[in-house]
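This report refers to the structure that appears directly beneath it.
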Amino acid sequence: METDYLWWRDGIIYQIYPRSFADSNGDGIGDLQGIIGKLDYLEGLGIDAIWLSPIYPSPDIDFGYDVADYTAIDPKFGSMSDFEFLVKEAKKRKIHMVLDLVLNHTSDQHPWFIESTKSTTNPYHDWYLWMDPSPGGKPPNNWQAIFGGSAWTYDPELDQYYYHMFYEEQPDVNWRNPDVRKAMLDVFRFWLKKGVDGFRLDVFNMYFKHPDFPDNPRKIGIRPFDQQKHIYDCSQPEMIPLLADIRGILDKHKESYAVGETFLADPQQTAGYCGKDKLHAAFNFDFANNRWHPKRFLQSALSWYSALADDAWPNNFLSNHDMKRTATRYCFGEDDRRAKVALAMLLTLKGTPFIYYGEEIGMRDIPIRKKSDVKDRIGKIFWPLHKGRDGCRAPMQWSHDIHAGFSQADPWLPVHKNYTERNVTQQSTDPGSMLNFFKAVVSIRKAHPALQKGDFVPLDHQSPHILSFLREYGDDVILVVLNFSIRNLDYALPEGHWIALLNEKKNYQSSINLAPYQVEILQKLPD
């Protein structure tokens, strides 16, 4: 019996966007009590941890990613008692809690920033990146904000500019200030004492900027932000010793975990932040951004594995709160076959799978047809080239009841019109549904150490439309075969006797015929 089970390595992490998961009080916004009410559902999915997008007090310029208090709960989500109860009830179900930490910047409504604007001699002034104007009153350098315009905003009262990589309401903090460093590290300690087991670090490799603030070199690009090489406003060497400090705090708590969102980084750079004295993991966006082709996914996975040090562990994801959903990108209409292939791939590749809420029922993005309907400010700024991120943040579809069972009130974003057929209640009783497919693959994963932490052995392409690989852990050998095409294809099995685990429990010796978009997971039988 396998006893060496580590939740963040061997398990599955499920991301919840709290505004959109479940509304318990009828105000149209999801909340902590809503999540508590769905813990039995989450336990039934077989997940090991919940990653909660920000739940801190926020003016919601960037829907929670502009934090006004790092150690409190926004009243729209509930109270600290609600959070403590959520952690307690989750632990009863062996579900760990991972919090989103947005430590690169705060809201301009954070008390620290309000103090910093009072005078240049205020003790908090140096907690942010304030600079005198360049000659002629211009910004200190050419740095651009990713959400548009200069990254510098002028304060006429102080005759200085402050820096913000995102919206002007999200000023970047000065991590070089030892008081800032201490305050931020104390945020980790605060939530660890509350029973939190892990953290997702938002754009963590942007914490430090070059101390001299030189101009970024120029390059060819469409937007002004893309017309610069971001070598001075991102990924500075001071990040490495800070990660050691963060890891030192985490390692004092059993089985704690930190995963980072790298920004403007390739797999090799991202992997450099992972390891024994660094983060446990970081997100590799190359894999998630692939077109529908098995070779591309395989190449991304292999590149990621080879970039990571021996003391680091990979993770994989296909969707999150900032990108279009998997089924929206890959499926045709309401046909879920490609979504099942993608989900099976994610759950069986080497690495911790991150699942975005609603992916288990194949949720699609809601359509955004009018600029006036957009809630996400990015969509308003860049319309129509970028319609914002509202599409992937729509309410969870629980039932065919009003507003998909998410809320009794009009939700903050509309539910998808397909909710009457695509919902948890309906799929629970449908043997062929996405939900039951998800549960079946998770059950297989949980029963086989090879799929949790086994070696990854890619197999020769017998067809450009097939992805196949072995996962091996001792005597446990699993073969995964994924048909990415709409064609019937024959697949010659590796030597040995194999039994199908997912579909009919058939024994195979030589070959199998794959139906369009078929998923096969097979176990090698002892000789």
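Coordinate-derived values only; no laboratory data. Quick caveat: nothing in here was measured; it's all calculated off a predicted structure. All Cβ positions, glycine included, derive from the backbone under ideal geometry; neighbour counts span all protein chains shown.
Helices in the chain, meaning DSSP H runs of at least 4 residues, each add -39500 (n - 2.57). Divided by all residues, the mean residue ellipticity at 222 nm is -7000 deg cm²/dmol.
Do you know the Lys pair count in segment 148-228 for C-alpha distances under 25 Å, with sequence separation 8 or more or different chains? Qualifying lysine pairs in segment 148-228: 4.
DSSP beta bridges in the chain, what fraction antiparallel, as a percent rounded to 5?
So the antiparallel bridges amount to about 60 percent of the total.
Between T121 and F382, how high is the FRET efficiency from 1/(1 + (r/R0)^6) when r is the Cβ-Cβ distance and R₀ = 51 Å? Nearest 0.05.
For T121 and F382, the calculated efficiency is 0.85.
The gain in end-to-end length when the I486 to S399 segment is fully stretched comes to 28.3 nm, 0.36 nm per residue minus the alpha carbon separation.
Residue ranges 440-453, 46-59, 146-159 sort as 46-59, 440-453, 146-159 when ordered by packing (mean number of other C-beta atoms within 10 Å per residue, highest first). Simple spin-label estimate for D212 and Q227 gives 2.5 nm between the two label positions (7 Å along the Cα-to-Cβ direction from each Cα). The angle between the Cα long axis of helix 294-307 and the longest principal axis of the Cα atoms of the chain comes to about 60 degrees, rounded to the nearest 10.
Taking amide H as placed 1.01 Å from N in the peptide plane, L514 has its amide H under 5 Å from the amide H of L489, D490, Y491, each at least 5 places away in sequence or on another chain. Listed from fewest to most Cβ neighbours within 10 Å, the set E261, E43 follows the order E43, E261. Coupling constants for segment 91-96 follow from the phi torsions by the Karplus curve (6.51 cos²θ - 1.76 cosθ + 1.60, θ = phi - 60°), and in residue order they are 4, 4, 9, 6, 10, 8 Hz; glycine and proline get x.
Please order S134, S116 by the number of other Cβ within 10 Å, starting at the fewest.
Working: S134 13, S116 27.
The fewest-first ordering by Cβ neighbours comes to S134, S116.
A prolate overall shape is assigned to segment 231-366, the ratio a/c of its alpha-carbon gyration tensor axes (a ≥ b ≥ c) being 1.5 or greater and a/b exceeding b/c. Compared with the dominant principal axis of the Cα atoms in the chain, helix 434-447 is inclined by about 80°. With neighbours defined as other Cβ atoms within 10 Å of a residue's Cβ, the residues D186, D62 order from fewest to most as D186, D62. Take every pair of alpha-carbon atoms less than 8 Å apart whose residues are at least six positions apart; their mean separation over the length of segment 455-524 yields a relative contact order of 31 percent.
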